[in-house]
Structure formats: structure tokens, C-alpha cells
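First up is the structure itself, then whatever we jot down about it.
Bear in mind that the values in this text are calculations on the coordinates, not laboratory data. None of these values were measured; they are calculated from a predicted model. Note: ideal-geometry Cβ built from the backbone for every residue, glycine included; neighbour counts use all protein chains shown.
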Amino acid sequence: MIRLAVIGDPIEHSLSPMVHGACLKELGIDYEYEKVRVKKGELLEFIDYAKKNGIDGFNLTMPHKTDIIEYLDEIDAEAELLGSVNTVKIVKNRLIGYNTDGDGYFMSISKSGGFKGKKIVILGAGGVVRTIALKGVKEGATEVAILNRTKKNAQAVADFVCAKTGEKILVGEMSEVFDGVKECDLLINATPLGMSGTKSDFDDLSFVENLPPKTIVSDLIYNPPKTSLLKKAEEMGHIVANGLGMLIYQGFLADKIYLGMDFDLDLMYEKTEKKIKSLLA
Ligand code: NAP
């Protein structure tokens with residue numbers, strides 16, 4: 001039996017139990033996976049609970065991805081580079097931190113051609129954009145531009161990536177999107193615009209008309225499965241992908257770490273995608 005958890009605040013709506021459950025069931029692993037609300041500043045109490053109760057590993061979401069680092073006994077190179085941890089494995093009471101977000105997104109977008117040789121435009125400059133921009137640069141994108149409502153936040157991500165890799169990233173305001181996408185090969189929406197449960201969406205999607213033919217349009221949102229951005233892009237003949245791939249791959253990559261076991265992630269994706277989609281519907 002493997003005992004796992006996801007921690008965060010809020011945590012009620014986490015889909016982690018569903019994603020990990022699909023993978024572990026498919027592998028025939030006996031498991032428990034609990035959601036634990038851990039408020040900011042309460043990580044030590046949870047770590048104590050995890051060690052006393054034989055938790056083998058846990059996923060982390062807001063607000064703990066950076067705060068956990070000081071409590072780790074070991075950190076994987078990717079997590080250290082990102083300064084962010086989404087997976088902790090506990091081995092003989094030692095905490096080892098990993099980050100599977102970047103590889104999760106990379107695996108999902110690889111199905112549509114990946115980053116190599118691409119000009120990428122990212123809308124948004126939050127936590128996930130740091131990871132994706134860094135991954136894009138490391139995996140051979142020829143140009144990365146970040147357009148954001150608050151330009152200084154885009155600049156902060158660009159400075160972070162430059163400090164880690166020496167590579168320059170272009171930054172701009174969201175209003176520059178109309179010209180900004182004219183030469184783009186991969187457009188990524190990393191804002192909550194268009195997400196179910198929020199009232200906000202793009203005011204004007206006519207920038208999609210400026211995309212070169214066959215641009216890949218990726219929205220990190222998976223609910224709804226097709227945002228207004230993806231619908232418009234698909235109507236215009238572009239290749240579209242929602243955020244479900246990232247959600248699934250980052251989870252399965254964490255399962256590989258917990259289990260210390262190799263399995264074919266793409267095959268696991270194929271086997272579980274239908275079930276996960278039906279649970280999401
Ligand atoms: P975050 O840190 O909260 O950042 C949100 C970003 O969106 C910020 O750049 C913010 O701009 C911008 N934004 C928010 N509301 C906006 C609005 N009304 N108009 C224009 N811009 C707005 O979030 P995150 O963690 O980076 O996540 C970003 C998105 O990715 C979310 O939709 C999240 O659900 C999704 N996501 C998906 C996965 C997956 O597995 N598929 C994983 C992680 C995240 P300011 O800088 O101006 O505030």
C-alpha cells in the first residue's frame with residue numbers, strides 16, 4: 001500500500017486524487033490518496049503528520065511550492081532551478097523535492113510539436129509561466145515573448161529566466177497581443193481568461209486572426225475543455241490543445257517518482273484519458 005496526499009489552501013477542488021487514482025489503479029497499485037488543507041505557515045505540522053502516519057509522498061499546490069524548500073533534505077536539479085516544488089517523496093523520513101510541472105507541460109505540448117525552433121508567445125506571467133518559459137528556452141525555442149496585463153510581472157519572469165539561463169525573453173503588455181502574435185508558432189494562454197467559474201474572458205479575440213497559418217494554440221485551462229480562445233483558433237484552422245495534458249502528465253510523472261518505477265507515460269495517458277475526461281464532464 002502506498003500512502004499519498006495533496007496539500008494546499010484551498011484544496012477542495014483539487015483534481016489530483018482523480019489523476020493519480022487513474023494511474024495507480026491502472027498499474028494495480030493499492031493506494032490511499034488524501035486531500036489535506038494546509039494553510040500558509042502550517043507546513044511543519046503537516047510534515048510531522050506525514051512522517052508519523054507513514055505518508056510516502058505528497059503533491060503541493062498554492063501556497064506551498066516555494067515555502068517547502070527550506071524543509072527538504074534533498075532537492076532535484078529541476079526543482080532547484082525553478083525554485084518551486086510540486087512533488088515530495090518521503091524516504092526513511094527524509095524529504096526529497098521535485099518539480100514535474102515543466103516536464104508535464106513539455107510532454108503535453110510535444111504531441112503538437114514541442115518547443116524546438118518555435119517562436120512562443122505566452123499570455124500571462126504567473127507561477128506557471130516561469131516554469132514554461134524556462135522549459136521553452138531550455139528545450140530550444142528560438143524566441144519567447146511574455147505579454148501580461150501587468151508588464152512588470154512579465155519583466156520579473158524574464159529576469160528570472162535570464163538569470164538562470166543567460167537567455168533574453170521579450171516582454172510586453174497584453175494590449176500588444178495583436179501585433180505580438182504575427183510571427184508566432186506557439187501561443188500559450190496562461191491566464192484564467194475563459195475559465196469556468198470566472199466571469200472574465202478575452203474582450204476581443206480578433207488577435208487570433210493575426211496568427212500565421214497552423215499556429216499551435218495551447219490553453220492551460222481544461223475546464224471548459226474548449227475555451228473561447230480555443231474555439232476561435234480551431235475555427236481558423238489552428239491546432240489547439242487544452243490544459244488537460246499538462247494536468248495528467250505532471251501527475252503521472254510524480255507517480256513515477258513515488259513508485260520508483262518506470263512505465264510508459266504516453267501509453268498510460270492513452271489508457272486513462274477517457275476515464276479522466278468522463279470524470280471531469
Ligand atoms: P497566477 O500565478 O495566479 O497568474 C495569473 C496570471 O494571469 C497573471 O499573469 C495575471 O496577470 C493574469 N491574469 C489574471 N486575471 C487576468 C485578467 N482578468 N486579465 C488579464 N490577465 C489576467 O496563475 P498560474 O499559477 O500562473 O496559472 C495560470 C493559469 O494556468 C490558470 O488558468 C491556471 O488554472 C492554469 N494552470 C493550469 C495547469 C494545468 O495543469 N493545466 C497548471 C497550472 C496552472 P497580472 O500579473 O497582471 O496579475
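Table for the structure above
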read-out	value
Filter pass, Leu279 being part of a helix (DSSP H, G or I), touching an Asp or Glu at 6+ places or on another chain (Cβ under 8 Å), more than 12 Å from the ligand (Cβ to nearest atom) and not aromatic (Phe, Trp, Tyr)	no
Looking only at region 127-165, and only at residues there that are of a type in the set (Val, Ile, Thr) and surrounded by fewer than 17 Cβ atoms within 10 Å (Cβ to Cβ), the one that is farthest from Gly104 (Cα to Cα)	Thr150
Hits in region 113-150 - residues which are farther than 18 Å from Met246 by Cβ, within 13 Å of the ligand (Cβ to nearest atom) and of a type in the set (D, E, K, R)	Arg149
Residues satisfying the stated conditions in region 68-84, i.e. loosely packed, with under 14 Cβ neighbours inside 10 Å and under 21 Å from Glu45 (Cβ atoms)	Glu70, Asp73
Residue within region 213-220 that is within 13 Å of the ligand (Cβ to nearest atom) and part of a loop (DSSP other than H, G, I, E, B) present	yes
Any chance Ile248 is β-branched (Val, Ile, Thr), within 12 Å of the ligand (Cβ to nearest atom) and in contact (Cβ under 8 Å) with a residue 40 or more places away in the chain	yes
Region 151-169: number of residues that are under 21 Å from the mean Cα position of the chain (by Cα) and either within 16 Å of the ligand (Cβ to nearest atom) or touching a residue at least 12 places away in the same chain (Cβ under 8 Å) (or both)	12
Hits in region 207-235 - residues which are of a type in the set (Asp, Glu) and surrounded by fewer than 21 Cβ atoms within 10 Å (Cβ to Cβ)	Glu209, Glu234, Glu235
Residues of region 176-203 satisfying the condition of being near the ligand (Cβ under 10 Å from one of its atoms) and loosely packed, with under 12 Cβ neighbours inside 10 Å	Thr198, Lys199, Ser200, Asp203
Listing of helices (runs of 4 or more DSSP H) fully contained in region 24-112 that carry 3 or more residues being within 20 Å of the chain's Cα centre (by Cα) and away from the ligand (no atom under 16 Å from the Cβ)	77-82
